[in-house]
Amino acid sequence: MSLDPEVLDFLLSNPAGDIGHLDTVRQRRYKQLMIDLNFLRFGLPGPEVHEIADHAVPAPGGHRTARLYRPRAGGRLPAHLYLHGGGWWQGSIDDLVNDALCRRRCAEAGVVVVSLEYRLAPEHPFPAALEDAHAALRWLRAEADGLGIDPAGISVGGSSAGANVAAALALQVRDCGEPAPAMQLLEVPFLDLTLESARAAATAQEAPSLLPDLVSAVEFYLRDPGLARDPYVSPALAPSLAGLPPTVVLTAEHDPLHAEGERYAERVTADGGLATAVRYPGALHGTSLLLTRTWAPARDWQDAAIDWLRMAHWDPGALRLTLEGG
C-alpha cells in the first residue's frame with residue numbers, strides 16, 4: 001500500500017518530536033499550536049455564518065462552554081452536537097480545524113452546530129467527558145425554545161475520541177430511556193479501548209504508527225485500565241447495540257481504528273438498527289480534517305458528512321432508505 005503524494009507531503013512536514021519532557025499543560029499547548037499551523041497550511045477556513053455565540057451549560061462540577069453556530073435567523077432549526085477529537089486530553093472548540101468544520105456544516109447542512117468544550121483528561125478522566133456531553137444534550141432539549149432549536153431534531157457526532165464520547169452518549173441516552181438522537185455521525189471513531197482491534201489492524205507501511213498515541217490516550221482517560229471493557233468506555237464492546245439512532249461511521253483506510261468502526265456499524269445493523277460504514281481509501285487518522293486545501297479526498301469526506309447531516313435533519317426518509325440499501 002502507498003500513500004498519496006499530498007498525504008506524504010503532510011507527513012514529511014511534521015517530523016516526529018519528543019515532547020515527553022513537557023508537562024501535560026505544555027504538551028497540550030504545543031499540540032494545539034501545531035494543529036493550528038498545519039491547518040493554516042493544509043486546510044480551508046470555514047464560511048461566514050449568521051451567528052456564533054457561546055453559552056454556559058450547567059454540568060457536573062461547573063459550567064461548560066457550548067459554542068452555537070447558527071446558519072440563519074428566525075424559526076426553530078435542527079441541531080448537531082459535535083464533540084472534537086484529541087485523545088480525551090487535548091483539543092478545543094477554539095482549534096482552527098474545529099471552527100472551520102463547524103462553520104461549514106452549519107452553513108451547508110442548514111443546522112445549528114453545537115461545539116462543546118468538554119473536560120479533558122488526565123485532570124478529568126472518564127466519565128467526565130461523557131457527563132458533559134449528556135449534560136449538553138439535556139440542556140439543548142430543555143432550552144430549545146430560547147435557543148431556536150427543535151428539541152426532537154438533535155443529532156450527535158464527533159471525531160476520534162469525540163466520536164467515542166458521542167457513541168457512549170447514544171448508549172447512555174438509550175439506557176436512560178430518553179429520546180434517541182436523530183443520528184450519530186462517527187468519524188474515525190475510537191470504540192475499543194482494550195486496543196485489541198487496533199493492534200490487529202493493518203495500515204500502510206509508510207504511515208506512522210498511531211498505536212503509541214492510542215496507548216497514551218487510554219492511559220490519560222482511564223484511571224483504572226480495567227474500565228476499558230465498560231460499554232460507556234468502549235461502545236464497540238457493549239452487549240447489545242439495539243435501540244440506537246441511525247448510525248453513520250466514516251473510517252480511514254490507513255487508520256488502525258477502521259476495523260472496530262466498521263464492526264460497530266455491522267453490529268448496529270445486526271441488532272436491528274440502521275447503520276453504514278464508509279471507508280475512505282488513502283486516508284490516515286485526521287487527514288480528512290486537516291488536508292481540505294491540498295487533498296481532494298479530504299474535501300469529499302467533508303462533503304459526505306454534510307450530506308449525511310442534511311439528510312438526517314431535512315429528509316429522514318431518504319436517510320432511512322439510504323441506510324436500508326447500504
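The values are calculated or read from the model by the stated rules, or taken from the named source; none is laboratory data. Note that this is a predicted model, so its numbers are computed, not measured. Ideal geometry is used to build each Cβ from the backbone, glycine not excepted, and the neighbour counts take in all protein chains shown. The protein model used for the area step is the full one, side chains on, heavy atoms only, and it has no ligands, DNA or RNA in it. Shrake-Rupley method; radii C 1.70, N 1.55, O 1.52, S 1.80 Å.
Kindly check whether there is at least one residue in region 224-241 that is under 16 Å from ALA168 (Cβ atoms), outside any loop (DSSP other than H, G, I, E, B) and of a type in the set (Phe, Trp, Tyr).
At the first step, the residues of region 224-241 found to be under 16 Å from ALA168 (Cβ atoms) are 227-241.
Now narrow it down to the ones that are outside any loop (DSSP other than H, G, I, E, B): 227-229, 235-237.
Then keep just the ones that are of a type in the set (Phe, Trp, Tyr); that gives none.
For region 224-241, residues under 16 Å from ALA168 (Cβ atoms), outside any loop (DSSP other than H, G, I, E, B) and of a type in the set (Phe, Trp, Tyr): absent.
Run down LEU40, LEU33, LEU44 and say which single residue is touching a residue at least 12 places away in the same chain (Cβ under 8 Å) and either closer than 17 Å to ALA142 by Cα or open to solvent by 90 Å² or more (accessible area, probe 1.4 Å) (or both).
Working: LEU33 fails: touching a residue at least 12 places away in the same chain (Cβ under 8 Å); LEU44 fails: either closer than 17 Å to ALA142 by Cα or open to solvent by 90 Å² or more (accessible area, probe 1.4 Å) (or both).
The unique qualifying residue is LEU40.
Is it the case, given these coordinates, that ALA204 is touching a His at 6+ places or on another chain (Cβ under 7 Å), modelled with pLDDT under 95 and either under 17 Å from LEU185 (Cα atoms) or open to solvent by less than 20 Å² (accessible area, probe 1.4 Å) (or both)? Can you show your working first?
Details: touching a His at 6+ places or on another chain (Cβ under 7 Å): yes; modelled with pLDDT under 95: yes; either under 17 Å from LEU185 (Cα atoms) or open to solvent by less than 20 Å² (accessible area, probe 1.4 Å) (or both): yes.
So ALA204 fits the description; yes.
In this structure, is LEU147 over 24 Å from ARG293 (Cα atoms) and open to solvent by less than 40 Å² (accessible area, probe 1.4 Å)? Please lay out each step first, then the result.
Values: over 24 Å from ARG293 (Cα atoms): yes; open to solvent by less than 40 Å² (accessible area, probe 1.4 Å): yes.
Spelling it out, LEU147 is indeed over 24 Å from ARG293 (Cα atoms) and open to solvent by less than 40 Å² (accessible area, probe 1.4 Å).
Given LEU214, LEU222, LEU241, LEU237, which one is more than 15 Å from the chain's Cα centre (by Cα), farther than 14 Å from ASN164 by Cβ and aliphatic (A, V, I, L, M)?
On the way: LEU214 fails: farther than 14 Å from ASN164 by Cβ; LEU222 fails: farther than 14 Å from ASN164 by Cβ; LEU237 fails: farther than 14 Å from ASN164 by Cβ.
Of LEU214, LEU222, LEU241, LEU237, the one residue that is more than 15 Å from the chain's Cα centre (by Cα), farther than 14 Å from ASN164 by Cβ and aliphatic (A, V, I, L, M) is LEU241.
Would you confirm, using the coordinates I've provided, whether ARG141 is charged (D, E, K, R), part of a helix (DSSP H, G or I) and in contact with a Gly (Cβ under 7 Å, 6 or more places away or on another chain)?
Values: charged (D, E, K, R): yes; part of a helix (DSSP H, G or I): yes; in contact with a Gly (Cβ under 7 Å, 6 or more places away or on another chain): no.
Judged against the criteria, ARG141 is not a match.
Identify, please: which residue in region 14-30 is open to solvent by less than 40 Å² (accessible area, probe 1.4 Å) and either touching a residue at least 24 places away in the same chain (Cβ under 8 Å) or among the charged types (D, E, K, R) (or both) and is, among those, nearest to SER288 (Cα to Cα)? If you could, list the steps in order and put the result at the bottom.
Going residue by residue through region 14-30, those that are open to solvent by less than 40 Å² (accessible area, probe 1.4 Å) are 19, 24, 27.
Cutting the leftovers down to either touching a residue at least 24 places away in the same chain (Cβ under 8 Å) or among the charged types (D, E, K, R) (or both) gives us 24, 27.
Working: THR24: 26, GLN27: 23 Å.
Restricting to residues being open to solvent by less than 40 Å² (accessible area, probe 1.4 Å) and either touching a residue at least 24 places away in the same chain (Cβ under 8 Å) or among the charged types (D, E, K, R) (or both), the top hit is GLN27.
Examine region 163-175 for a residue that is charged (D, E, K, R), in a loop (DSSP other than H, G, I, E, B) and either in contact with a helix residue (DSSP H, G or I) (Cβ under 9 Å, 6 or more places away or on another chain) or modelled with pLDDT of 95 or more (or both), and state whether such a residue exists. Outline the logic, then answer.
Initially, region 163-175 is screened for residues charged (D, E, K, R), giving 174-175.
Next, only the ones that are in a loop (DSSP other than H, G, I, E, B) stay: none.
Checked region 163-175: no residue is charged (D, E, K, R), in a loop (DSSP other than H, G, I, E, B) and either in contact with a helix residue (DSSP H, G or I) (Cβ under 9 Å, 6 or more places away or on another chain) or modelled with pLDDT of 95 or more (or both).
Select from region 171-188 the residues that are open to solvent by less than 40 Å² (accessible area, probe 1.4 Å) and either of a type in the set (A, V, I, L, M) or under 17 Å from TRP301 (Cα atoms) (or both) and list them in ascending order.
Across region 171-188, the qualifying residues are LEU171, VAL173, ALA182, MET183, GLN184, LEU185, LEU186, GLU187, VAL188.
Of the residues CYS102, CYS106, which is under 17 Å from SER160 (Cβ atoms) and out of contact with any helix residue (DSSP H, G or I) (no Cβ under 9 Å at 6 or more places or on another chain)? Walk me through it before giving the result.
Numbers: CYS106 fails: under 17 Å from SER160 (Cβ atoms).
Every option except CYS102 fails the conditions.
I'd like to check which helices (runs of 4 or more DSSP H) are fully inside region 258-326 and have at least 3 residues that are touching a residue at least 12 places away in the same chain (Cβ under 8 Å) and open to solvent by less than 10 Å² (accessible area, probe 1.4 Å).
Numbers: elements: 258-270, 287-290, 296-314, 316-325.
It comes to 258-270, 296-314.
Here are some conditions: (1) open to solvent by 10 Å² or more (accessible area, probe 1.4 Å); (2) touching a Lys or Arg at 6+ places or on another chain (Cβ under 6 Å); (3) not charged (D, E, K, R). THR194 meets all but one. Which one does it not meet?
The number of the failed condition is (2).
Just to be sure before I move on: is GLU108 of a type in the set (D, E, K, R) and in contact with a Ser or Thr (Cβ under 9 Å, 6 or more places away or on another chain) in the structure I sent? Walk me through it before giving the result.
Working: of a type in the set (D, E, K, R): yes; in contact with a Ser or Thr (Cβ under 9 Å, 6 or more places away or on another chain): no.
So GLU108 does not fit the description; no.
For PRO231, only one of the following conditions fails: (1) open to solvent by 30 Å² or more (accessible area, probe 1.4 Å); (2) over 20 Å from SER288 (Cβ atoms); (3) out of contact with any Leu (no Cβ under 8 Å at 6 or more places or on another chain); (4) not hydroxyl-bearing (Ser, Thr, Tyr). What is its number?
For PRO231, the failing item is (3).
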